[in-house]
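These notes are about the structure you will find just below.
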Amino acid sequence: MVAGELEVIEAPLLPWSLSWLAPYIASAVMAVMWLYGLRTSRLYGLLAVAGILVSALVSTAIAFRVFGEGVAVHVGADAAWIPWLGVGLGSFFDGLSTVMALIVSWVSLFIAVYSLKYMEGDPGYARYFFMFSFFVGSMMLLVVADNLVLMFIGWEGTGIASYALIGHWYTDEEEYWVGRPGRRALGTPMYFEPSHSAVRAILFTRVGDIGLLIGIAALYLYAGTFSIPRLAATVEGWMASLAADGILAPLMLVLTLGAFAKSAQFPFHEWLVTAMTGPTPVSALIHAATMVKAGVFLVLRLTPILLAGYAALGGVVAQDLQLYFSVVAWVSVVTALLLSIMALVADELKLILAYSTASQLGYMMLAAAAAGLAAVSGVLAPLEAAGEGVVAGLSHLASHAVFKAALFLAAGWLIHVAHSRFIDSMGGYARFMKLTALSFWLAGLSLAGIPPLSGFFTKEAVIEVAFTASTALGVLAAATAAFTAAYIVRAAVRVFHLPPYEEAGHREEPHEAPPLMLVPYLALSLAALAMGIGYTQLFELLGFAAGLTLAAEAVSVYFALKPLTLAVLGAAAGSALAVALLYMVVRLDFRRLIAENRVAAAIHGFLYDRMYVNPVIYIVVLGGGGWVARSILELDLTIDYAYHAALVAAAAAAAFALRALSRGRTDYIIALYVVGLAAALAYALIAARSYILELLS
């Protein structure tokens, strides 16, 4: 079903725009309360929950219409905002955006409810819920906007809010840090305070956002529209023009740079792993259903449109699309693999989950890119491949949002009980927190890809698409599944079934979380199980959603135990079982092994310090960039001094010439020559200085 064949019905701006507007309204009410001095009221949390609940209910109502009638819903299609650019305030609910709206709103609601108790008594309670609500509104706007300008506003809104939420504890107490205090790699600190991590997050993602902004502007120049449905309908024209000018692949890669940064693909993963300095619900919000999924959403949105263009243009754009999808696929699979390996040695509970998030985001982007490669290579028909990519990527996105939110929320309570973020200070909690242990294991085994949990089926769909495109991509994706099972089982065994390696300074008697915190992560973990048991219905719904997505085609996904499936399952289950046996039966002391073996210590240090990616970035970007800035400043000062010295010399020459002329000591011609030379020199210096400074800027 191509864009032109997709039936679209129109709906009024209100009340349907409350899907994204309600959280914004809640945050605006909070701002007014703050201005009137109501700064400690519990009403802030209740307003945030209420706004997100309205968003979730409106999104659900629209979903019933979209999937019940088999149509796309265009909300506020005639609501003009910037008429001369054709930019309005409309929302577009096709299959992809409808599913995304459901995931974002409902998972965010669970996290908001958890936050009511978690943030109780925090001095920044009002500020937290204001930014939380603003964040959810921005993310909802991002996924449902009907044009690229409105989408970019939501995109930047999530960036601003994430900066505030990651740096919420900006007073930088050590208990909120990420990394071992005092640890360095290549002379660069590997510990990060909340204020530092917040700045890292906004700077890393801004690099990609510049590319996204350039891509949006270029698309407008070629397509003449910011409208996402119009871009899909006119794809043949603007893709042909871009290909003729030789910039199709470069432009798509520049545009996707924003997705790489937002979804923490290598080497942009560095902002995400240190974003753990924020409150744990923020980690769940950013790493589960919302901000980091924005980049995946963009790639899932672009892929069907590009493949529709390929279906129409064929060989004209084949080489460009081959390059584009290859780059995205290899960046994604390398991210998935490397971050899963780093997680094997991490000793901070939230940091393990952060590595896991970046790795799983690699899987989601791989699904779309691998489907594109399969289409360009002729293995799948273009629109069929688009449908496969949407289903595989979106199914794992939905599954990951549920089980990762459960893992983070459970981790928040575990860290509170241990008074430590390090798993070495945790242990034996299964006896005291049976429901928390159950939640963590259900969500963790879903992440590991163990049936009948949802992660098994959705990850298998991604790996199958990867093998369809390339054996090498498939092998690396399967290896990532084995490492994933190993690191999450290691964390669960260490925290729940072994005594602590170290005693925390303020360890308290373990006990279950209060109901307001326990119920959200228990419900989410049970949802991961339910989604796995009902995987047939899940894939049927997403296959239908693919058919209601711009320029995609409905696909039927049937699960069967193929040799490939059994091999991937065996790798994941085998690695999980091996880790459990090593820790619980053999009782292997890895810390002693590392301490006594230089090779093991070197490998451990290399992985623990994130393969030195962070130090290299600091040395090259901060060190090198600082050197360039200082050099330019010194050059500017040198030019400035020379300029003023030359002007003084020119003025002195002119004064000397005029004085000589007035006293009749030389003839008029020589005197005028000297005056003219001085004036010409002064003019040349002014022009040269302006030109040089313009170049330097």
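Expressed in nm to one decimal, what extension gain is obtained for the pair Arg230 and Ile247 from 0.36 nm per residue of sequence separation less their Cα-Cα distance? All intermediate terms of the calculation are to be shown ahead of the outcome.
Details: separation 17, 0.36 × 17 = 6.12 nm, distance 2.07 nm.
Extending this stretch completely gives an extra 4.0 nm.
Calculate, for Lys562 and Leu438, the FRET efficiency according to 1/(1 + (r/R0)^6) with r their C-beta to C-beta distance and R0 25 Å; round to the nearest 0.05. Please report the intermediate quantities before stating the final value.
Details: r = 31 Å, r/R0 = 1.24.
With a Förster radius of 25 Å, E is 0.20.
For the Cα atoms of the chain, what angle does the longest principal axis make with the long axis of helix 95-118, in degrees from 0 to 90, nearest 10?
In the chain, helix 95-118 runs at an angle near 80 degrees to the longest axis.
Separation between the Ala530 and Ala80 pseudo-spin-labels, each 7 Å from Cα along Cα→Cβ, expressed in nm?
4.6
Where nothing but the Cβ of Lys and Arg (+1) and of Asp and Glu (-1) is charged, how large is the charge dipole of the range 1-114 around its Cα centre, in debye to the nearest 20? Please report the intermediate quantities before stating the final value.
Numbers: 3 positive and 6 negative charges, 146 e Å.
Dipole magnitude for the range 1-114 comes out near 700 debye.
Any chance you could check the Cα centroid distance between the range 144-210 and the range 305-361 for me, in angstrom?
After rounding, the separation between the Cα centres reads 21 Å.
Antiparallel as a % of all DSSP beta bridges within the chain, to the nearest 5? Before the final figure, lay out the partial values.
Values: 11 of 15 bridges.
For the chain, the DSSP antiparallel bridge percentage is about 75.
Let me check something: with ligands and nucleic acids excluded, how do Trp16, Trp271, Trp177 order by accessible area (1.4 Å probe), largest to smallest? Mind dumping the intermediate values first?
Values: Trp16 70, Trp271 0, Trp177 40 Å².
Descending accessible area places them as Trp16, Trp177, Trp271.
How much net charge surrounds Pro563 when only other residues with a Cβ under 13 Å from its Cβ are counted (Lys, Arg +1; Asp, Glu -1)? Walk me through the numbers on the way to the answer.
Values: positive: Lys562; negative: Glu460, Glu464.
Here the charged neighbours net out to -1.
Once the piece of chain linking Gln322 and Ile160 is laid out straight, how much longer is it, given 0.36 nm per residue of separation minus the C-alpha distance between them? Please list the in-between numbers first.
Values: separation 162, 0.36 × 162 = 58.32 nm, distance 3.47 nm.
Length gained, Gln322 through Ile160: 54.9 nm.
List the residues whose amide H sits under 5 Å from the amide H of Asn147, counting only those 5 or more places along or on another chain, with H placed 1.01 Å from N in the peptide plane.
It is Ile228, by chain and number.
How much of the accessible area of the chain, probe 1.4 Å, is carbon plus sulfur, in whole percent?
Values: 18470 of 26650 Å².
C and S fraction of accessible area: 69 percent.
Within the range 69-85, which residues have the backbone N less than 13 Å from the label spot 7 Å out from Val8 along Cα→beta-carbon, could you tell me?
Under 13 Å, as judged by backbone N against the label point of Val8, lie 72-79 of the range 69-85.
Just in the range 178-266: which chymotrypsin sites (Phe, Trp or Tyr not before Pro) are loop by DSSP and have at most 15 other Cβ atoms within 10 Å?
On the way: sites: Tyr191, Phe192, Phe204, Tyr220, Tyr222, Phe226, Trp238, Phe260; in loops: Tyr191, Phe226.
Here the sparse-neighbourhood loop sites are Tyr191.
What angle, in degrees between 0 and 90 and rounded to the nearest 10, separates the Cα long axis of helix 598-608 from the longest principal axis of the Cα atoms of the chain?
Value to nearest ten degrees: 80.
So if each residue of separation counts as 0.36 nm, and I subtract the Cα-Cα distance between Glu540 and Phe64, what length gain in nm does that give?
Extra length available between Glu540 and Phe64 comes to 169.8 nm.
With the other protein chains left in place, how much accessible area per residue, in square angstrom, belongs to the range 578-623 at a 1.4 angstrom probe? Could the numbers behind the result be given before it?
On the way: 2990 Å² over 46 residues.
Per-residue accessible area for the range 578-623 comes out at 65 Å².
What accessible area per residue, rounded to a whole number of Å², is obtained for the range 113-212 using a probe radius of 1.4 Å? Display every interim value, and only then the final one.
Values: 3350 Å² over 100 residues.
Normalised by residue count, the accessible surface of the range 113-212 is 34 Å².
Taking a cut-off of 28 Å between Cα atoms, list the lysines near Lys562, but don't count ones fewer than 8 places away on the same chain.
Reachable lysines: Lys404, Lys459.
Could you give each residue of the range 177-190 its phi-based ³J(HN,Hα) in whole Hz, using Karplus coefficients 6.51, -1.76, 1.60 with θ = phi - 60°, and x for Gly or Pro?
Along the range 177-190, the couplings run 6, 10, x, 6, x, x, 6, 10, 9, 6, x, 9, x, 10 Hz.
Given only helices, namely DSSP H runs of n ≥ 4 each adding -39500 (n - 2.57), what is the per-residue ellipticity at 222 nm of the chain, to the nearest 500 deg cm²/dmol? Present the calculation step by step, with values, prior to reporting the outcome.
Details: 26 runs with 496 residues, N = 697.
Helices in the chain give a 222 nm mean residue ellipticity of -24500 deg cm²/dmol.
To the nearest 10 degrees, how steep is helix 382-418 against the longest Cα principal axis of the chain, on a 0 to 90 scale?
For 382-418 against the chain, the angle is about 80 degrees.
Which residues does the label zone of Ile603 cover in the range 344-377, counting backbone N under 15 Å from a point 7 Å along Cα→Cβ?
Correct set: 344-346.
With only Lys, Arg, Asp and Glu charged, each at its Cβ (+1 for the first two, -1 for the last two), find how big the charge dipole of the chain is about the Cα centre; round to the nearest 20 debye. Don't skip to the answer; put the middle values down first.
On the way: 34 positive and 42 negative charges, 265 e Å.
Dipole of the chain, to the nearest 20 debye: 1280 debye.
The values are calculated or read from the model by the stated rules, or taken from the named source; none is laboratory data. Values in this document were obtained by computation on a predicted structure and should not be read as measured data. Here the Cβ is made from the backbone with ideal geometry for all residues, glycine too, and neighbour counts use every protein chain on show. Surface areas here come from the heavy atoms of the whole protein model, side chains and all, with no ligands, DNA or RNA. Shrake-Rupley method; radii C 1.70, N 1.55, O 1.52, S 1.80 Å.
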